[in-house]
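Participant: Provided herewith is a single structure, encoded as structure tokens, for subsequent inquiry.
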Amino acid sequence: MIILKSPAELQKIRAACHIIGELLNELADRIVPGISTWDLDAFAYDFITARGAKPAFKGYKVSGLPPFPGTLCTSPNSGIVHGIPSKQVILREGDIIGIDVGVIKDGYYGDAARTYQVGKISSAANRLLEVTSEALRRGIAAARPGNRVGDISHAVGSYVQEQGYFVADNLTGHGVGCALHEEPQIPNSGKPGRGPRLDSGMTLAIEPMVNIGTNRVSEKGWEFFTADGSLSAHFENSILVTDDQPEILTQAEGA
Ligand code: MG
């Protein structure tokens, strides 16, 4: 079942999402050559808890793996998603790094991701970031009442394919708000006009994960990488479907 959120619930979801938007902005200044993903994670933990909220990924469980240890998922270069923050992972000039973060405040959830450049990056890396960010924008634009989930999937996937890139296999967006992951699943490719119908009051996390060289994914425990070692980017926002334009919940003022 896809939950339609009440105004009172939406207020709480907005509060959780607002923290994420601010945090993702703050991180931009801290993502510089020489910093470890561990340091970024520590900053994020303090930022979230200082605002009376909790990290939603820390302790997250799936069968067969230890609970996720980080506040952030930190996925550099060929990392697609779910990278574990580490003192051993030091960012270098020219890297790209996907940062994904979930927050719980007063029992309600938000979820978003950005891929950042570390210093100056190659034109190939830059183009990947631009295409992935534009894929997210197009996916969000398709999240209108009366459309279906497949319209979001198609908007994302067809654009990525036209640009000569690949969406990562079997990794999807999702409903969000009362839990970190709710129905519906939102694949990053698919046919328009298929799947559950969208309606005002749905809160969705739309999240294209785009690879330069292949759709195939290589899993190492929690961490997902491109199977060919090519670069991968990830942009995600939590949004509210409304009768008008979708409301982007995890974007800070001025961003
Ligand atoms: Mg998500």
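Participant: Write down the Kirkwood hydrodynamic radius of the chain, to one decimal in angstroms, obtained as one divided by the mean of 1/r over all alpha carbon pairs.
Facilitator: For the chain, inverting the mean 1/r across all distinct Cα pairs yields 17.9 Å.
Participant: How long is the gain from residue 50 to residue 158 if the chain were fully straight, where each residue apart is worth 0.36 nm and the alpha carbon distance is subtracted?
Facilitator: Full-extension gain reported as 34.8 nm.
Participant: Using modelled backbone amide H atoms (1.01 Å from N, in-plane), which distant-in-sequence or interchain residues come within less than 5 Å of residue 116's amide H?
Facilitator: Residues meeting the amide H criterion: 97, 98, 99.
Participant: Here's a follow-up. Could you provide, to the nearest whole Å², the per residue accessible area of the chain with probe 1.4 Å?
Facilitator: Per-residue value: 43 Å².
Participant: Below 15 Å Cα-Cα, how many Lys pairs turn up in the chain? Only count pairs eight or more apart in sequence, or on different chains, if you could.
Facilitator: 4
Participant: Calculate, in nm to one decimal, what residue 6 and residue 178 gain on full extension: separation in residues at 0.36 nm each, minus their alpha carbon distance.
Facilitator: Values: separation 172, 0.36 × 172 = 61.92 nm, distance 1.09 nm.
Roughly 60.8 nm would be gained on extension.
Participant: Next question, about the same structure. Report, by chain and number, residues whose modeled amide H sits under 5 Å from the one on residue 186, excluding near sequence neighbours (fewer than 5 apart, same chain).
Facilitator: Amide H neighbours of residue 186: 173, 174.
Participant: Can you give the charge dipole size of the range 77-169 about its Cα centre, rounded to the nearest 20 debye, using +1 on the beta carbon of Lys and Arg and -1 on the beta carbon of Asp and Glu?
Facilitator: With only Lys, Arg, Asp and Glu charged at Cβ, the dipole is about 140 debye.
Participant: ³J(HN,Hα) across the range 139-155 via Karplus (A = 6.51, B = -1.76, C = 1.60, θ = phi - 60°), whole Hz, x for Gly/Pro?
Facilitator: Values, residue by residue: x, 5, 4, 7, 7, 10, x, x, 6, 10, 3, x, 5, 5, 4, 5, 4 Hz.
Participant: Counting helices only, and only those DSSP H runs with n ≥ 4, report the 222 nm mean residue ellipticity of the chain as the sum of -39,500 (n - 2.57) divided by its residues, in deg cm²/dmol to the nearest 500.
Facilitator: Working: 4 runs with 70 residues, N = 255.
For the chain, the value works out to -9500 deg cm²/dmol.
Participant: Mind putting a number on the dipole of the chain about its Cα centre? Charges go on the C-beta only, +1 for Lys and Arg and -1 for Asp and Glu, and I need it in Debye to the nearest 20.
Facilitator: 280 debye
Participant: Moving to a separate point now. Report the gain in length on full extension from residue 36 to residue 126: 0.36 nm times residue separation, minus Cα-Cα distance, nm rounded to one decimal. Numbers along the way, then the final one.
Facilitator: Values: separation 90, 0.36 × 90 = 32.40 nm, distance 2.16 nm.
Stretched fully, the residue 36-residue 126 segment lengthens by 30.2 nm.
Participant: Of all accessible surface on the range 7-248 at a 1.4 Å probe, what whole percent is carbon and sulfur?
Facilitator: Carbon and sulfur together cover 49 percent of it.
Participant: Taking only C-alpha pairs under 8 Å that are 6+ residues apart, what is the relative contact order of the range 7-248 in percent?
Facilitator: On the way: 626 pairs, mean separation 50.0, N = 242.
So the answer I get is 21 percent.
The values are calculated or read from the model by the stated rules, or taken from the named source; none is laboratory data. Not measured: the values here are computed from a predicted model. Cβ coordinates were reconstructed from backbone atoms using ideal geometry, including for glycine residues, and neighbour counts include every protein chain displayed. Each accessible area value is taken on the protein alone, full model and side chains, heavy atoms only, with ligands, DNA and RNA left out. Shrake-Rupley method; radii C 1.70, N 1.55, O 1.52, S 1.80 Å.
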